[in-house]
1. Can you tell which of 86, 76, 184 shows the greatest fluctuation in a Gaussian network model of the chain with Cα springs below 10 Å?
2. To test your reading of the geometry: what angle, between 0 and 90 degrees and rounded to tens, separates the Cα axis of helix 219-230 from the longest principal axis of the chain?
3. For labels at residue 39 and residue 250 in the simple 7 Å Cα→Cβ model, what's the distance in nm?
4. Quick check: net charge around residue 43, other residues with Cβ under 13 Å of its Cβ, Lys/Arg +1 and Asp/Glu -1?
5. Taking the beta-carbon count within 10 Å as an exposure proxy, list 216, 167, 131 from fewest neighbours to most.
6. Who wins for biggest fluctuation among 61, 103, 232 in a Gaussian network model of the chain, springs between alpha carbons below 10 Å?
7. Test of understanding: in a Gaussian network model of the chain with alpha carbons linked when under 10 Å, which of 37, 209, 218 would top the mean-square fluctuation ranking?
8. For an R0 of 45 angstrom, estimate the FRET efficiency from the Cβ-Cβ distance between residue 104 and residue 69 and round to the nearest 0.05.
Amino acid sequence: MDFTNKNVFITGASRGIGKATAIAFAQKGAKVGLNYRSNDEAAQLTLKELPGEGHQLFKRDISQKKETKALIEDFVKAYGQLDVLVNNAGISIFHEIDSVDFDHWTTAWEKTFETNLFAAANLCYWGAQAMIKSGGGHIVNVSSRGAFRGEPTKPAYGASKAALNSMSQSLAKKLAPHNIYVGVVAPGFTETEMAAKTLTPEERENLLRESPFKRMARPEEVAHAILFLASDGAAYSSGTIIDVNGASYLRS
């Protein structure tokens, strides 16, 4: 896969899957725009790790509707056109229905959907407008196996990712005549810095048992699937959802 002369924009790019994806695109010759919300230090460190030249940081809170339009406008102004949009940013909030109060419950749903679905939808809208003007492009949305198997401790997360899958497939049909290809990558639990800091030893052991490989996904493995869907050779795979969960959850 060669992304020389391609302009790639990634949300939630300062760490984890987003960081690994940014590095992978840069290694293949792309110029990468990295969106992040607040962690300046992590964003600067990621920027320094990218090989090649022409990469930039774009600090904006995509959960705010107006910010999504400004973000795409900033990117196009900087690079001339948008070739690949990767909607990777996401949040998850624990809100077990049998143990939280109603305010916690409703807040979790609102905040989760603001980032995981509404922000992605808005960026797809503005990104598609830019791609239509330039003759086409690729959109890759990062979902989760939780969209299929359910998330009992954070149901808004699973629901938002299921909606993201459906939206992506609808857009794949609608945008095909404009030479815009839309795909989804649905990772299982991934071995990120955040996971290392937040998982208890027991939680980690339970996660390792879920896959016959006895490990979690590596961010680079998720990035590989994202790059495939963003490549020219994957055009006829538009509408596809790629599972990257180590056979921990199999769907028909």
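1. Of 86, 76, 184, the Gaussian network model singles out 76 as fluctuating most.
2. Roughly 40 degrees between the two axes.
3. 3.5
4. Computed value for this residue: +3.
5. Exposure proxy ranking, most exposed first: 167, 216, 131.
6. 103
7. Answer for the Gaussian network model of the chain: 209.
8. Here the calculated transfer efficiency is 0.90.
Taken together, the values in this text are just the output of simple stated rules run on the coordinates, not laboratory data. Remember, predicted model here, so these are calculated numbers, not experimental data. Counting neighbours? That spans all protein chains shown, and the Cβs are built from the backbone with ideal geometry, glycine included.
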